[in-house]
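Taking it in order: structure first as structure tokens, then the write-up.
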Amino acid sequence: MSELAKMECVPCQGGIPALKGDALVDLHAGLGDGWQVVDEHHLEKAYGFIDFKEALGFTNIIGNIAESQGHHPDIELSWGKVKVTIFTHKINGLTESDFILA
């Protein structure tokens, strides 16, 4: 388990700058395979499933984790696929908590 996975999200109150550059590179290195940092703005990962039911079940698991952390990703559900996009809406960019949730 990565160090990030052992941590909990910290609510963002806004007014802080989004992470950029080397800070993103270091945190990205702590994530598992498949996560992409897109335009230094958000994290993104797509998951494949055998059917809609499996994808929906996974979406519900993500929703429960997000709710427990008080940090909510954008989730796109389609047949056999779930795409997760994570960023901190209050600052329109990335914070450490985004990487923790991922």
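The values are calculated or read from the model by the stated rules, or taken from the named source; none is laboratory data. From a predicted model like this one, the values you see are computed outputs, not experimental measurements. Methodologically, a virtual Cβ is constructed for each residue, glycine included, from the backbone with ideal geometry; neighbour enumeration extends over all protein chains shown. Remember, those area values only see protein heavy atoms, side chains included, never the ligands or the DNA or RNA. Shrake-Rupley method; radii C 1.70, N 1.55, O 1.52, S 1.80 Å.
Can you find even one residue in the range 82-99 that is assigned to a loop (DSSP other than H, G, I, E, B), open to solvent by less than 60 Å² (accessible area, probe 1.4 Å) and over 16 Å from Ala18 (Cβ atoms)? Explain how you work it out, then say what you get.
Applying the first criterion (assigned to a loop (DSSP other than H, G, I, E, B)) to the range 82-99 yields 87, 89-92, 94-95.
Retained after the next criterion (residues that are open to solvent by less than 60 Å² (accessible area, probe 1.4 Å)): 87, 91, 94-95.
Next cut, over 16 Å from Ala18 (Cβ atoms) only: none.
Checked the range 82-99: no residue is assigned to a loop (DSSP other than H, G, I, E, B), open to solvent by less than 60 Å² (accessible area, probe 1.4 Å) and over 16 Å from Ala18 (Cβ atoms).
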Can you tell me which residue among Ala46, Ala23 is outside any loop (DSSP other than H, G, I, E, B) and at pLDDT 95 or above?
Ala46
Check the range 69-80 and report whether any residue there is of a type outside the set (Lys, Arg), part of a helix (DSSP H, G or I) and closer than 25 Å to Leu24 by Cα.
yes
Mind checking which pairs have a first residue in the range 36-55 that is closer than 18 Å to Asp22 by Cβ and a second that is open to solvent by 50 Å² or more (accessible area, probe 1.4 Å) and basic (Lys, Arg), Cβ under 9 Å, 6 or more apart or different chains?
Glu40/Lys20
Report every pair of residues separated by at least 6 positions or lying on different chains whose Cβ atoms are under 7 Å apart, first residue within the range 80-93 and in contact (Cβ under 8 Å) with a residue 24 or more places away in the chain, second part of a strand (DSSP E or B) and among the small types (Gly, Ala, Ser).
Gly80/Gly48; Lys81/Ala46; Lys81/Gly48; Lys83/Ala46; Phe87/Gly93
Subset of the range 36-81 (residues that are surrounded by 16 or more Cβ atoms within 10 Å (Cβ to Cβ), under 13 Å from the mean Cα position of the chain (by Cα) and either among the hydrophobic types (A, V, I, L, M, F, W, C) or more than 17 Å from Leu101 (Cβ to Cβ) (or both)):
Val37, Leu43, Ile62, Ala66, Ile75
